[in-house]
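A.B. asks: If you scroll down you'll find the structure; I have some questions about it.
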Amino acid sequence: MNRRSCFVLSSEALSDMRIAVDLHVHSRYSRATSGNMVIPEISKYARMKGLQLVGTGDFTHPRWCNELREELEDVGNTGILRPKRGRHPISYVISGEVCTVFESGKKSRKIHHVMMVPDFETADQIRDRLARFGDVEVDGRPTLTMTAAELVEEVTSASKQAFIFPAHIWTPWYSLFGSIGGFDSIEECYEDQSNKILAAETGLSSDPPMNWRFSNLDRVAIISNSDAHSPWPWRIGREATCVNLNRLSYLELISAISTRTSARIELTIEVNPAYGKYHWTGHRKCGFSVPAPDAIKLKNICPKCRRRMTKGVDLRVEELADRQEGFIPNSGCTSFVGLLPLHEVIATATGSAEPSAKSVWEKYDALIGKFGTEFKVMLDAPRGDLLDATDLAIVDLVLKVRSNMLSVTPGYDGTYGRIDLGDMKQKTLDRTKSKSRLEDFV
């Protein structure tokens, strides 16, 4: 393999087809989503991040799908869409997320799924089918009264080329293995349609090593996406997947994911799982959180108010894991790299209250102006070149993230984790397969 990486490819230069993709985002028509989630803004910031291919999100929403038709066009009948106008020619694939709500095992189940389709005609057919199970116009991510198996059957009956996978599989609410409304295996959830589930999304609060501990996931590809609700670089592309394609097409993308090999899925970009909103078990109202071993000792009861805590992903993984921590599969084991958003790094290094602060944007823009993309800054830019472009404090934090030596106070019960400058000696994210430099995997 040559030295050229997916992170430094431009959207105009995809000759070796090693690209970074983010297949799970939302539009402005989804609840709690920025009004800036429109194609021009998504394209602008996706390119700034270092992505080459992004999911459109929300294709089940009629008005968004109409906007997509106006903004995008197919490239050579490949199922890959490009903006008709604008200076940020990111490629797109038609995607969307739905929530299925149903009863199973005397328990209410609420599961989120991501769908991808090859063209607008298929999107229309699937929307018409799903409209029988819920209102597809009220939300970009509609709630459907149907089982997970029924969803897969409806979607794949409309098109054998449609692709579906469970979203953020460990979060407490609305996920495949969620502690509140989830299941204990893929087969329990998807029943006779399980063989059509070929990938699963890690979500912010888990990473590949956590998923490797559960053998039920061995037969599916482990992929990562941002689930972005705003286009800003600290949201879009915060998690992504680097795929190796023979040609840029929808079917080639699906084939690459389905093969579940490191030759096709080169690596995933993972936020430190502690940064996720549900990594530890805790109770936000009481400001109390603990790792899995302590949560087990407490029997999941908050010692401050004696109420049940929201079970963290690390605890839920511990419950289902049938392998010890540190287990590495013999095959189908994709490499990963742990990152944090550059805006967050700059804000922490400079003492800014918010990543959106003007001063943070100024330093961010200076770095992007010199190196091209955020992935290039975070993964590949030499220390000396970074020092020429920004402050020493920022460079130090970038390098600590790159070497997996930055401490993060874990998130819990809906609260994001935060960078902790008080302990730089926290155990690393290495766990044998983590990679910290581009030269390690190109």
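Quick note: the coordinates plus some simple rules give every number you see, no bench work behind them. Owing to the predicted nature of the structure, the values given are computational and were not obtained by experimental measurement. Counting neighbours? That spans all protein chains shown, and the Cβs are built from the backbone with ideal geometry, glycine included.
A.B. asks: Among the numbered conditions (1) over 16 Å from the mean Cα position of the chain (by Cα); (2) more than 19 Å from E103 (Cβ to Cβ); (3) of a type in the set (S, T, Y), tell me where S205 comes up short.
C.D. replies: Here S205 clears every test but (1).
A.B. asks: Let me ask you something else. Could you list all residues from the range 128-148 that are assigned to a helix (DSSP H, G or I) and touching a strand residue (DSSP E or B) at 6+ places or on another chain (Cβ under 9 Å)?
C.D. replies: Of everything in the range 128-148, those that are assigned to a helix (DSSP H, G or I) and touching a strand residue (DSSP E or B) at 6+ places or on another chain (Cβ under 9 Å) turn out to be L130, A148.
Residue-by-condition table, conditions (1) surrounded by fewer than 21 Cβ atoms within 10 Å (Cβ to Cβ); (2) at positive phi:
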{"residue": "N77", "(1), (2)": "yes, yes"}
{"residue": "R82", "(1), (2)": "yes, no"}
{"residue": "G86", "(1), (2)": "yes, yes"}
{"residue": "I90", "(1), (2)": "no, no"}
{"residue": "S95", "(1), (2)": "no, no"}
{"residue": "V117", "(1), (2)": "no, no"}
{"residue": "F120", "(1), (2)": "yes, no"}
{"residue": "D135", "(1), (2)": "yes, no"}
{"residue": "V138", "(1), (2)": "yes, no"}
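A.B. asks: While we're looking at this one, here's another question. Any idea which of S262, S205, S226 is closer than 18 Å to P341 by Cβ and in contact with a Ser or Thr (Cβ under 8 Å, 6 or more places away or on another chain)?
C.D. replies: Unique residue meeting the criteria: S205.
Let's see how each residue does on (1) within 14 Å of the chain's Cα centre (by Cα); (2) surrounded by 15 or more Cβ atoms within 10 Å (Cβ to Cβ); (3) free of Cβ contacts under 8 Å to residues at least 40 places away in the same chain:
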position	(1), (2), (3)
I197	no, yes, no
A200	yes, yes, yes
W212	no, yes, no
P303	no, no, yes
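A.B. asks: Return a yes/no flag: does the range 341-352 have any residue that is farther than 13 Å from W234 by Cβ, surrounded by fewer than 19 Cβ atoms within 10 Å (Cβ to Cβ) and either touching a residue at least 12 places away in the same chain (Cβ under 8 Å) or not acidic (D, E) (or both).
C.D. replies: The answer is yes; a qualifying residue exists.
A.B. asks: Within the range 16-41, track down each residue that is in a helix (DSSP H, G or I) and aliphatic (A, V, I, L, M).
C.D. replies: I39
A.B. asks: Among the residues of the range 313-336, write down those that are over 24 Å from Y412 (Cβ atoms) and not in a loop (DSSP other than H, G, I, E, B).
C.D. replies: Within the range 313-336, just S335 meets the criteria.
A.B. asks: Can I ask one more? Quick one: in the range 140-163, of everything that is of a type in the set (G, A, S) and buried (at least 20 other Cβ atoms within 10 Å of the Cβ), which residue is nearest to the chain's Cα centre (by Cα)?
C.D. replies: G140
A.B. asks: Counting just the residues of the range 353-399 that are touching a residue at least 24 places away in the same chain (Cβ under 8 Å) and outside any helix (DSSP H, G or I), which one comes out nearest to G50 (Cα to Cα)?
C.D. replies: Per the stated criteria, the residue is T373.
A.B. asks: In the range 117-127, how many residues are in a helix (DSSP H, G or I) and in contact (Cβ under 8 Å) with a residue 12 or more places away in the chain?
C.D. replies: So the answer is 7.
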